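The values are calculated or read from the model by the stated rules, or taken from the named source; none is laboratory data. Nothing here was measured: the structure is a model prediction, and the numbers come from that model. A quick note on method: Cβ atoms are made from the backbone with ideal geometry, for glycine too, and the neighbour counts reach across all protein chains shown. Side chains are part of the model used for accessible areas, which takes the heavy atoms of the whole protein and leaves out ligands, DNA and RNA. Shrake-Rupley method; radii C 1.70, N 1.55, O 1.52, S 1.80 Å.
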Amino acid sequence: MQLRLARTLSLVFLAVSVESHAGSINATPSSVAIVELFTSEGCSSCPPADALLQQINLKQTSEGQLIVGISEHVTYWNDLGWKDPYSSPVFTARQSVYASNFSTEGPYTPQMVLNGRDQFVGSDGSALERALRDDARREHFGLRIVSSAPATEGIDVKFAFAGNVLKPLDILAVLADDADRSNVLRGENGGRKLQHVFVARSIARVATVTDDGEHSVHISFPEGFPTSSGTGHHLILFAQEKRQGAILGATTMPL
């Protein structure tokens, strides 16, 4: 599997990676590809998908797409020997909506969803490559963070949106840990040390956009999230069609 992933990635991604804590990337991306990985520490098939997300996160493809990964840990493995400390019913519910949209047999792990349009097994590098190439040919709207400032139990953010909107779009905010590690004691991965990247701590709709312009929002920190600025966390914003349709624009910044 590791050799297969290496060969696939060598074809898809540029050799130069994007600095994860830079204020801006080295070159303006042509678009942003949000890759949501539904995973669980209780699933023995998930570590290869976690590793793939680590390899691609904050990299640019040869088409100029910036890849932004989001690890969303689901709860339905928690009664099978190991309770995933990063799991939340919010991410389980989000995956369930995708399963309904895609008319699959139901939620599964590991599953990747690219920009709300394409889904595939989360460790399948070839499927990811195909999905990225398809997405590069689609229209993407502009979304950027204009400013941010610490606020009581959260952060105040001003963002700008630009695009030919035919129907209202949800603006969702994700607060994520840059990296997390676990020593799994029981379950299918018992005895393993697992690593994760861009682990979602919260996801919430913070605004709705219908046309171009700037908007100001307050984003609340979840319980246990740091209340002061520093390294190790990112804010991810993306514009998505109602009921988790296509993601049409996205941006990210370190906190």
Q | Where GluC sites (Glu not before Pro) in DSSP loops with at most 14 other Cβ within 10 Å are excluded, longest remaining stretch of the chain | A | 20-104
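What does the net charge come to around A131 if you take all other residues with beta carbon closer than 9 Å to its beta carbon, with K and R at +1 and D and E at -1? All intermediate terms of the calculation are to be shown ahead of the outcome.
On the way: positive: R117, R130, R133; negative: D118, E129, D134, D135.
Cβ neighbours under 9 Å give a net charge of -1.
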Q | Karplus-derived 3J(HN,Hα), 6.51/-1.76/1.60, for each residue of the stretch 54-70, Hz, glycine and proline x | A | 4, 5, 9, 4, 6, 9, 10, 7, 5, 8, x, 6, 8, 8, 10, x, 9
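As a check on your grasp of the helix formula, calculate [θ] at 222 nm for the chain: sum -39500 (n - 2.57) over DSSP H runs of n ≥ 4, divide by the residue count, round to the nearest 500. List each step's numbers first, then the result.
Values: 4 runs with 47 residues, N = 255.
After summing the helix terms and dividing by residue count, I get -5500 deg cm²/dmol.
So what is the relative contact order for the stretch 142-253, in percent, with contacts set as C-alpha pairs under 8 Å and at least six apart?
Values: 244 pairs, mean separation 38.5, N = 112.
Rounded, it is 34 percent for the stretch 142-253.
May I ask you to give the solvent-accessible area per residue for the stretch 40-110, in square angstrom, as obtained with a 1.4 angstrom probe?
Numbers: 2640 Å² over 71 residues.
Per residue, the stretch 40-110 has 37 Å² of solvent-accessible surface.
Could you give me D for the stretch 70-114, from Stokes-Einstein at 10 °C and 1.306 mPa s, where the hydrodynamic radius is the Kirkwood radius over C-alpha pairs? Units µm² s⁻¹, please. Numbers along the way, then the final one.
On the way: Rh = 11.0 Å.
Using the Kirkwood radius from Cα pairs, D works out to 144 µm²/s.
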Q) Taking springs between alpha-carbon atoms closer than 10 angstrom, which of G224, G125, G106 fluctuates most in the Gaussian network model of the chain? A) G224
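Give me the net charge of N189's neighbourhood, meaning all other residues with Cβ under 14 Å from the Cβ of N189; Lys, Arg count +1, Asp, Glu -1. Numbers along the way, then the final one.
Values: positive: K83, R181, R186, R192, K193; negative: E41, D50, D84, E188.
Computed value for this residue: +1.
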**Q.** GNM result for the chain, Cα springs below 10 Å: residue of H196, H218, H234 fluctuating most strongly
**A.** H218
Q. Considering the stretch 124-255, what Rg and Dmax in Å follow from its alpha-carbon atoms?
A. 17.1, 51
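Hey, what's the Cα Rg ratio for the chain versus the globular rule of thumb, 2.2 N^0.38 Å? Display every interim value, and only then the final one.
Details: Rg = 17.4 Å, N = 255, 2.2 N^0.38 = 18.1 Å.
The chain yields a ratio of 0.96.
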**Q.** Rg [Å, one decimal], Dmax [Å, integer] - the stretch 30-104, C-alpha atoms
**A.** 13.9, 44
**Q.** Accessible-area value, F198, 1.4 Å probe, nucleic acids and ligands omitted, Å²
**A.** 0
**Q.** In Å², nearest 10: area of K167 left accessible to a 1.4 Å probe
**A.** 120
Q: With r as the distance between the Cβ atoms of K167 and V121 and R0 = 25 Å, compute the FRET efficiency 1/(1 + (r/R0)^6) and round to 0.05.
A: 0.20
Q: Restricting to the chain, compute how many DSSP beta bridges are antiparallel as a %, nearest 5.
A: 85
Q: Take the chain, connect every pair of alpha-carbon atoms lying under 10 Å apart with a spring to form a Gaussian network, then pick out the residue of V165, V197, V209 with the largest mean-square fluctuation.
A: V165
